[in-house]
Structures are given as C-alpha cells and as structure tokens.
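All of the numbers you see were taken from the coordinates with simple rules; none came from a lab. In this text, all values refer to a predicted model and were calculated from it rather than measured experimentally. Positions of Cβ are backbone-derived with ideal geometry, glycine not excepted, and every protein chain shown enters the neighbour counts.
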Amino acid sequence: PKVLASGSDDRTVRVWEGETEMRCLRGHTSFVRPVLWHHERPNILFSGSWDSTIRVWDVATSTCLYVATEHHADVYGLASHPDRPFFLASTSRDTSLRCWVVEDLAMPFMLKAVVHPESVAEIVSLQEPSAWAVFGNHADSAPPLLLHGAGSKALLLKLQGELGGNFSGANCVKAFKHILSFFMYRKGLDDLWDLCLNIRGEPATSTSNVIFHEKDLIASYHSRAQQLRSTTVGIAGIMTKKDDRLRKAADILLRIGDIRGYCECMRECGQWERAISIAPAVSQKFWFEMC
C-alpha cells in the first residue's frame, strides 16, 4: 500500500497513507531517526531515537509493544533482512552494533507451521498487503494474521516445491529446519538438524565436518574473554560499556572453568558479592585476598 512512516524532531512517529496522516505514535523522549517496517507483518513498525531506545509499534492499534533500552546513546540505524525478518540489527552513537530477536512477533505463525507444516499456505499471503493489513478497519481494528513478505513466500516454495508437500521421513527434519530457520535464530541450530538426521540413520546435510579439540575451544574462548577485558572505548561524551564487556568476559571464563578469571572480572566491574561468593572454589588464600 502507499503507506509511509516518518520520524521527527518533535519526538513522534507518524504514519501516512498518501497525504493523509493515519497514526501519530508517541513515546520517544527525544528526536526520532530511523524507522523500519517489518518485512512480514505490515502493521509492525520499529523506530530508533536519540533517547537511546528502540520501540516496536503495532500501527493498527497505535500501541508500543516493546521498548529496548540496551543502547547507551543515540540510535542511528535499524535494519533487517527479508530472509531473517524476525532478526533485527541496530547501530548507535555508543559505537555498538546490536542484534535482536523479535520472536514474540513470530510465535502465532511459528507454532502453526511447526504443528501443521502442511498448512503454512494458510498463513502466507500471495497478494501485496493492503491498507487493511496495516491499519485494520473500524469494525475490527486487528489486521489479519498473515505473512506478506518475500521470505515467507520463499519458505512456502521450499515446503511445497522442494519437499513436494511430503513431510514424512527425512523430509520431516528438512521441513522443521526450513520453518525454524526462518522464524528464529540460534547459534548451532544447524548442528541440531544434523544430529536428528544422524539419529535417524540418514546422512547429514552440513558441508563442514570439522571437529575441534576441547583444548583449542577453551583457548579460543579464553582469548575472546581477554579481548573483551582489554578493549577500551575512547570517544568523549559517550558512556563506555566496560562493565558490559567485563560481565560477558566473566561469563565466558566461568563456562570454561577459569574461576579465578571470573572473580577478577566481577571484581573489576564492581560485582564484589558474586566474586567473593565463588572465590573459595579457587583457594582459601585467594578468597582472603578477595576479601
């Protein structure tokens, strides 16, 4: 539809149909800069502001669904890819690029697709979205729960074309892989599908069969933690995220069993209680030093 979203220095997000203002969304406390329509749900709009927040809007009901406050300075950019419509990237003057999953928006579609993969065609619209898909109507303000983007159409093509609508045997695993990879993002998800195929006695689809030794993995994670501890942000006027980095480094060190390193990181970011509580696991002497 001929629908436009705009952000302004008056701290509002406005939605237009042609030259007519249809919605005025209020909530930001500073200038609004990036705005982004969701690729699949026409009634969902994202906005970023100099108040350091990202807001998720339901345009049909003029409702703010969620406010993200993890950035520490002006939000400059928002982006998403049609193939990963429920995965969002943002940039900010705090020098960070952050990635977000907005899977709550996908839940009603994902559940139906997983339980009844043969019915995916019922949640995918092959037509261009109309104004009703964005604004709803006066009788019922909620727009129809349909996916309208290129990604969902590609998913439907894979299920009906590549798999021929057959979801038994090995095709069952492939169908779940296509569906969940579209609606959600998790590191290592591809390994899960290979594991499922292996359990079924079928060949894995992964192109990489590299296996890393435990010592190499620990060394890699340890290097990553040290990098987080030593990184500095030197731009004047911007709140540094040193504590964030130290907490991430501490989590990594704890996972690989470096308890001393974990305690030192928690102490550096002011989390004395957590550091002291686990210090005896290193030694009594180290615990006395921490206290």
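About its Cα centre, the dipole of the chain is roughly 620 debye, where the only charges are +1 on Lys and Arg Cβ and -1 on Asp and Glu Cβ.
Between VAL101 and ALA154, the contour length at 0.36 nm per residue exceeds the alpha carbon distance by 17.0 nm. The residue list SER181, VAL35, ALA219 was ranked by how far each Cα lies along the charge dipole of the chain toward its positive end, using unit charges on Cβ atoms, and ALA219 comes out on top. So what's the angle, to the nearest 10 degrees on a 0 to 90 scale, between helix 242-255 and the longest Cα principal axis of the chain? For 242-255 against the chain, the angle is about 80 degrees.
Highest-first packing order for the peptide set 172-179, 38-45, 100-107 is 38-45, 172-179, 100-107, based on the mean count of other beta carbon atoms within 10 Å. Find which of ALA89, SER277, VAL13 sits farthest along the positive direction of the dipole of the chain, computed with +1 on the beta-carbon of Lys and Arg, -1 on that of Asp and Glu, about the Cα centre. Highest projection toward the positive end goes to SER277.
Below 8 Å, C-alpha to C-alpha, sequence gap of six or more: please give me the relative contact order for the range 85-186 in percent. So the answer I get is 30 percent. The value of relative contact order for the range 40-87, using C-alpha pairs under 8 Å at least six residues apart, is 34 percent.
With each label modelled as a point 7 angstrom along the Cα→C-beta vector, the ASN166-HIS116 pair spans 2.3 nm. Across the chain, Cα pairs under 8 Å and at least six residues apart give a relative contact order of 11 percent. Apply the Debye scattering formula to the range 79-170, with a single equal point scatterer on each alpha-carbon and no solvent, then give log10 I(q)/I(0) at q = 0.11, 0.15, 0.26 Å⁻¹. Those come out to -0.43, -0.73, -1.36, one per q. With a simple spin-label model that places each label point 7 Å from the Cα along the Cα-to-Cβ direction, the separation between LYS2 and ASP83 comes to 3.4 nm. Taking the chain as a Gaussian network of alpha-carbon nodes connected by springs under 10 Å, the highest mean-square fluctuation of the residues ASP216, ASP243, ASP190 belongs to ASP216. Binning all Cα-Cα separations of the chain at 5 Å, short to long from zero, yields these whole-percent fractions: 1, 5, 9, 11, 12, 12, 11, 11, 11, 8, 5, 2, 1, 0, 0. For the residue pairs LYS187/LYS242; LYS112/LYS241; LYS2/LYS174; LYS187/LYS241, the alpha carbons lie more than 29 Å apart in LYS112/LYS241; LYS2/LYS174. The P(r) of the range 11-148 has a tail past 19 Å containing 53 percent of all C-alpha pairs. Modelled spin-label separation between LYS242 and SER223, with each label point placed 7 Å from Cα along the Cα-to-Cβ direction: 2.6 nm.
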